[in-house]
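Engineer: First, the structure itself, so that you have it in front of you.
The values are calculated or read from the model by the stated rules, or taken from the named source; none is laboratory data. This is a predicted model, so every value here is computed, not measured. With ideal geometry, Cβ positions are generated from the backbone for all residues, glycine too; neighbour counts draw on all protein chains shown. Quick note on the areas: whole protein, heavy atoms, side chains included, nothing else; ligands and nucleic acids left out. Shrake-Rupley method; radii C 1.70, N 1.55, O 1.52, S 1.80 Å.
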Amino acid sequence: MYDIKKKIENEEGLWKEVSQKKAFLTHFPPRLTLQTHQCCNFACRFCYHFTNKFYYGNDPAKMGYMQFHHVEAIADELFPTLQYYEATLLGDPFLSPHFDKEIALARKYNVYFRPTTNISLVTPKTLEQVDGVMDWLKCSFDSHIRGIYNAIKIGVRFEKVVEKLKMFAEKRYQMNPVPYFRVGFVLTDLNMDTLPEYIRWCSDELGVDDVEVMGLNVDQYQIEPLNVFDQVDRVNDILEKSMQTAIDHKVKLRLAFSRMPREGAKGKDRFVSGARSEQLRRDQAPLGFIPPRSFDKMSYVICGERNRGDIGDLGYVWTNDMRRHDLCEEFFNRPFIIWNGNVEACGNCNTFYVGNIYEKPFREIWNCDLYQAARKRMYEGAIDTWYDCCHDCICMFVTYDRATSDHRFSHFWRIMDSSGRKEDKGVIDARAVRLKGKVEGIVVEEAPSLTTLKRIAKDWVPPVFVPHARGLYHRMKKWKEKK
């Protein structure tokens, strides 16, 4: 067993270096997001892999997965100082082709395993297997009503999912530590009217620790009917009712945004969520106690979310606007490692590519030129001096509107197209980040033409991503037509 004390000392040393504004960090990140595969047994209408699901099913060889010797190498280097890793991004972690071995590695290095799952594969036997290793679980559960749930998640038995949720709600109290229980709700046109009742249901029927409401990622033409951008009054009315429901029923509620701006809003009118969240921070009564942590050995606050303040002190409603904005801690305490070995510094966009774990050790990637440049920029100025893509980040400046989403979308393609082929190592490094000017000597071009996008969708993208790219092409076409 690896010493928990040393892991905490590593985190304290890391934040000491950050307080001293060091760009080169000698301490390793205390948390990690690790995607070892992309397989999923569900088909969700708003997911990147909705189309791929029908092409490839759950075949790891076609969907993409990480060979176990790579997982083992990552664990050997990172796990001795790691406190926990989140098994999320795309795919269900319980479908990993080497799940048993991954749990054994977490147990060996005394690292907590935190899955985001659809819970359909979780059984009492699985919970016995992860007992002592899993201290947190998030279930993607987008409605407590059968008809709505089945309209979002295709080909799924709603009753089976509810049965598994209630089983976990009961069995988790037999585990040590008792896992923190979160449910995730993606706000769409289909389910948003039921959100207040959903919050009550999840609290009464499941006894969840919190409910997380996320905005819809706009990147595929087939999810257009699910968008809510043209329903501002309806959305904001539902959000207000949901926040009041959470406070009245004493349920912790996490929101991506507290209000949605009107289309075409400019200046401060785009940032109405920040103003409402500040009012919430000021007016809502604190809980009066700090909820028990899901872990009994780790330091700091619930779920390790140090930069969000203590959830127990903020009250029942928390929004992305309540983050601290002097630093983005993604660049200091949590890398994202993808199944193909790619390491990204940010999980909210594909912009910050910093290296490939198959080609060089993490220690070199952790202090590469891009990582250090990003940290220096954050030390030196306020957020308006950061990279352009950060200005559109839903975690920093909450401006959840169609214009911002289209802007994010166009910049994604600007980077992908200007970087060349994905397999070419020399240009992978150049894909790193969108700057005002150059990226490590590579000039960032304007958004590619529709012809270029069509070529990318047809020829450039590896087969597993072709349906996704075609969807992006149609979305980009609509965006350009509006211009």
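Engineer: What list of ³J(HN,Hα) couplings, whole Hz, do you get for the range 230-237 from phi and the Karplus terms 6.51, -1.76, 1.60, once you set θ to phi - 60° and write x for glycine and proline?
Structural biologist: Rounded to whole hertz, the list is 8, 10, 4, 4, 4, 4, 5, 5.
Engineer: Would you mind checking which residues have amide H under 5 Å from Val317's amide H? H placed 1.01 Å from N; only 5 or more apart, or other chain.
Structural biologist: Here Leu253 satisfy the definition.
Engineer: Students often get this wrong, so check it: of Lys22/Lys101; Lys22/Lys108; Lys171/Lys360; Lys6/Lys360, which have C-alpha atoms separated by over 30 Å?
Structural biologist: Lys22/Lys101; Lys22/Lys108; Lys171/Lys360
Engineer: Which order do peptides 241-253, 4-16 fall in by mean Cβ count within 10 Å, highest first?
Structural biologist: 241-253, 4-16
Engineer: Under a plain spin-label model, where a point goes 7 Å from the Cα along Cα-to-Cβ, how far apart in nm are Ala265 and Trp15?
Structural biologist: 3.3
Engineer: State in Å² the accessible area per residue of the range 136-235; use a 1.4 Å probe, count heavy atoms of protein chains only, and round to the nearest integer.
Structural biologist: Values: 3640 Å² over 100 residues.
Computed with neighbouring chains in place, this is 36 Å² per residue.
Engineer: Please give the length that would be gained between Asp3 and Glu170 if that part of the chain were fully extended, namely 0.36 nm times their separation in residues minus their C-alpha to C-alpha distance (nm, one decimal).
Structural biologist: So the extension gain works out to 57.0 nm.
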